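Below: one structure, written as structure tokens.
The values are calculated or read from the model by the stated rules, or taken from the named source; none is laboratory data. The structure presented is a predicted model; accordingly, all values stated were derived computationally and were not measured. Neighbour counts run over all protein chains shown; Cβ positions are idealised from the backbone, glycine included.
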Amino acid sequence: MEDKELPQNNADDTPPIFKNWNQMYITVLVLHALIIFAFYMFTKIYS
């Protein structure tokens, strides 16, 4: 059985949309907060 090398972590490993992973993480967290707030408002308005 051959030993296969794992791919190296290159500096060119960028997300498909943003310039770096921090921008992707911040966007996901902000969208998550907006969705939670929207559900909260729907609950308050229609209860």
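Details
- Checklist (1) at pLDDT 85 or above; (2) surrounded by fewer than 10 Cβ atoms within 10 Å (Cβ to Cβ); (3) not small (Gly, Ala, Ser) applied to MET1, failing item: (1)
- Pairs are defined by a Cβ separation below 7 Å, a sequence spacing of at least 6 or placement on different chains, a first member in region 26-38 that is surrounded by 10 or more Cβ atoms within 10 Å (Cβ to Cβ), and a second member that is modelled with pLDDT of 95 or more and part of a helix (DSSP H, G or I); no pair meets this definition.
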